[in-house]
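The values are calculated or read from the model by the stated rules, or taken from the named source; none is laboratory data. Just so it is clear, the structure is predicted and the values come from calculations on it, not from any experiment. Don't worry about glycine lacking a Cβ; one is built from the backbone with ideal geometry, like all the others, and counts go over all protein chains shown. All accessible areas refer to the heavy atoms of the entire protein, side chains included, with ligands and DNA or RNA removed. Shrake-Rupley method; radii C 1.70, N 1.55, O 1.52, S 1.80 Å.
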Amino acid sequence: MKKYTFLILVLIAFTAIAQKPSKTVQSQLDEIVDDKMVMGVAAAYSINGKTTEQATAGYADKKEGKPFEIDTKVRMGSIAKPMTALAIMQLVEQEKIDLDVPIQTYIADYPKHKKTQITARHLLSHTSGISGYKDGRESNTTTQYATLYDALELFKDRDLLFEPGTQYAYTTYGYTVLGAIIESVTETTFEEYMLEHIFKKAGMANTGVEKFEEALENESKLYHRNNGKGKAKPAKENNLSNRLPAGGFYTTLSDMLKFGNAVIDNLFVKEETLTLMRQHHSLEKENNAYGFGWFLYNPKPREGAIIGHPGAQSGCTSFLFIVPSKKAVCIILSNTSRAQSSVDPIANSLLTKALTTK
């Protein structure tokens, strides 16, 4: 995730007085669509639960001439990780999960390692040593895994990158394990748990777990930029059943604002639990450290004052920022992968707007 480090270099200081960006959100979105860098995009920010500025541009389906709108359903990518982390911490609050016991407590046949055993704490903070995708084909697979437990077979026997708890390495598969733990502890499916305890709690009626090749009402098509260059073109469908807890959700702009405000209002977990999640747990030396499911986008001594997460996968580039003390939520969602060079500066602009709004 070092590609996101540049953001911290351009973020204004949390208490600084900065001039508001002169461009509107609409004009910024129109610009990246007119340049054909992104096919469709939506962005907004809210203060104190009130949407201050929002806009959409481009197409959800270029071939059919269908515009990208506020209620267009689109992949969120790795913004799913803080949602899964919140679900885990709900179960920690209920004393159904212990952050520091071996994960074999919940998944008995998960392979043990020679020295330190992986814990939920390691998984939440990307310090487990579990590796990421083996290659592009694994990331863009069409293989269907019936359950998250089945998906573990893909990677659970691979060598760890390092002894758990000694280093940081961002991994999608670590969150697949967390999803399997949720299923084991609750004796329900991951999808059912998330629907009842995350999406419904926040009033997110248009957010859910994506099903491979199952069409949704108001769903966007997937688009892609080859090597992050050139124009946005149709992307191939891929199957997310190996990574549902890490990046397998669809959502809308309005629902993501609801999610951010539910985090701020402590609808999911207690304030002290969210405070724990916002601490630096990742062992990472860079400014954008990692907590439990959250990147921390400002340096010491205010780590955790700005939290959020990017999302990047086939047919998706997204970014979420939350500033709890400001009660601010900033979100941008696009249907085009490898579009960080277009999307990330706008995410930063949204944050600047939110931080300088009185």
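With the requirement that a residue be of a type in the set (Asp, Glu) and under 18 Å from the mean Cα position of the chain (by Cα), what does the range 206-245 give you?
Initially, the range 206-245 is screened for residues of a type in the set (Asp, Glu), giving 210, 213-214, 217, 219, 237.
Within the range 206-245, Glu210 is the sole residue that qualifies.
Could you list all residues from the range 271-291 that are polar (S, T, N, Q) and either in contact with a helix residue (DSSP H, G or I) (Cβ under 9 Å, 6 or more places away or on another chain) or surrounded by fewer than 21 Cβ atoms within 10 Å (Cβ to Cβ) (or both)? Outline the logic, then answer.
Quick first cut of the range 271-291, residues polar (S, T, N, Q) only: 273, 275, 279, 282, 287-288.
Across the range 271-291, the qualifying residues are Thr273, Thr275, Gln279, Asn287, Asn288.
Answer yes or no: is there a residue in the range 256-264 that is free of Cβ contacts under 8 Å to residues at least 60 places away in the same chain and part of a loop (DSSP other than H, G, I, E, B). No, because not a single residue in the range 256-264 is free of Cβ contacts under 8 Å to residues at least 60 places away in the same chain and part of a loop (DSSP other than H, G, I, E, B). Filtering the range 97-146 to residues that are of a type in the set (S, T, N, Q) and either assigned to a loop (DSSP other than H, G, I, E, B) or modelled with pLDDT under 95 (or both) leaves Thr116, Gln117, Ser125, Thr127, Ser128, Ser131, Ser139, Asn140, Thr141, Thr142, Thr143, Gln144. The set of residues in the range 174-193 that are surrounded by fewer than 23 Cβ atoms within 10 Å (Cβ to Cβ), under 11 Å from Lys96 (Cβ atoms) and of a type outside the set (Gly, Ala, Ser) comprises Val185, Thr186, Glu187.
Go over the candidates Lys112, Lys156 one by one and state the one that is surrounded by 15 or more Cβ atoms within 10 Å (Cβ to Cβ) and of a type in the set (Lys, Arg).
Working: Lys112 fails: surrounded by 15 or more Cβ atoms within 10 Å (Cβ to Cβ).
Of the residues listed, the single one that is surrounded by 15 or more Cβ atoms within 10 Å (Cβ to Cβ) and of a type in the set (Lys, Arg) is Lys156.
Residues in the range 163-178 include none that are at pLDDT 95 or above, touching a Pro at 6+ places or on another chain (Cβ under 8 Å) and not in a helix (DSSP H, G or I). Summed over the range 55-96, residues that are closer than 18 Å to Glu210 by Cα, outside any strand (DSSP E or B) and either open to solvent by 10 Å² or more (accessible area, probe 1.4 Å) or polar (S, T, N, Q) (or both) total 4. Can you name the residue in the range 267-313 that is hydroxyl-bearing (Ser, Thr, Tyr) and modelled with pLDDT under 95 and, of all such residues, is farthest from Arg243 (Cα to Cα)? Ranking the candidates gives Tyr297 first.
Screening the range 9-29 for residues that are open to solvent by 20 Å² or more (accessible area, probe 1.4 Å), under 30 Å from Asp265 (Cβ atoms) and among the aliphatic types (A, V, I, L, M) and picking the one that is modelled with the highest pLDDT gives Leu11.
Residues satisfying the criterion are absent from the range 267-277 (criterion: at positive phi and part of a loop (DSSP other than H, G, I, E, B)).
Is there a residue in the range 324-345 that is surrounded by fewer than 23 Cβ atoms within 10 Å (Cβ to Cβ), within 17 Å of the chain's Cα centre (by Cα) and within 25 Å of Glu53 (Cβ to Cβ)? Yes, the range 324-345 contains a residue that is surrounded by fewer than 23 Cβ atoms within 10 Å (Cβ to Cβ), within 17 Å of the chain's Cα centre (by Cα) and within 25 Å of Glu53 (Cβ to Cβ).
Conditions tested, residue by residue: (1) out of contact with any Lys or Arg (no Cβ under 7 Å at 6 or more places or on another chain); (2) surrounded by 21 or more Cβ atoms within 10 Å (Cβ to Cβ); (3) at pLDDT below 95.
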position: Ser220; (1), (2), (3): no, yes, no
position: Gly228; (1), (2), (3): no, no, yes
position: Arg243; (1), (2), (3): yes, yes, no
position: Gly248; (1), (2), (3): yes, yes, no
position: Phe259; (1), (2), (3): yes, yes, no
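Of the set (1) polar (S, T, N, Q); (2) over 23 Å from Gly247 (Cα atoms); (3) modelled with pLDDT under 95, all apply to Gln94 but (3). Selection of first residues in the range 30-42 that are open to solvent by 50 Å² or more (accessible area, probe 1.4 Å) and modelled with pLDDT of 95 or more and of second residues that are among the charged types (D, E, K, R) and outside any helix (DSSP H, G or I), restricted to Cβ pairs under 9 Å at least 6 apart or on distinct chains, gives the following pairs, ordered by first then second residue: Glu31/Lys23.
Yes/no matrix, rows are residues, columns are (1) hydrophobic (A, V, I, L, M, F, W, C); (2) outside any strand (DSSP E or B); (3) touching a Pro at 6+ places or on another chain (Cβ under 6 Å); (4) buried (at least 23 other Cβ atoms within 10 Å of the Cβ):
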{"residue": "Gly293", "(1), (2), (3), (4)": "no, yes, yes, yes"}
{"residue": "Asn298", "(1), (2), (3), (4)": "no, yes, no, no"}
{"residue": "Ala305", "(1), (2), (3), (4)": "yes, yes, no, no"}
{"residue": "Phe319", "(1), (2), (3), (4)": "yes, no, yes, yes"}
{"residue": "Leu350", "(1), (2), (3), (4)": "yes, yes, no, yes"}
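Within the range 261-270, take every residue that is open to solvent by 10 Å² or more (accessible area, probe 1.4 Å) and touching a strand residue (DSSP E or B) at 6+ places or on another chain (Cβ under 9 Å) and give me the one that is farthest from Cys316 (Cα to Cα). Per the criteria, the residue is Ile264.
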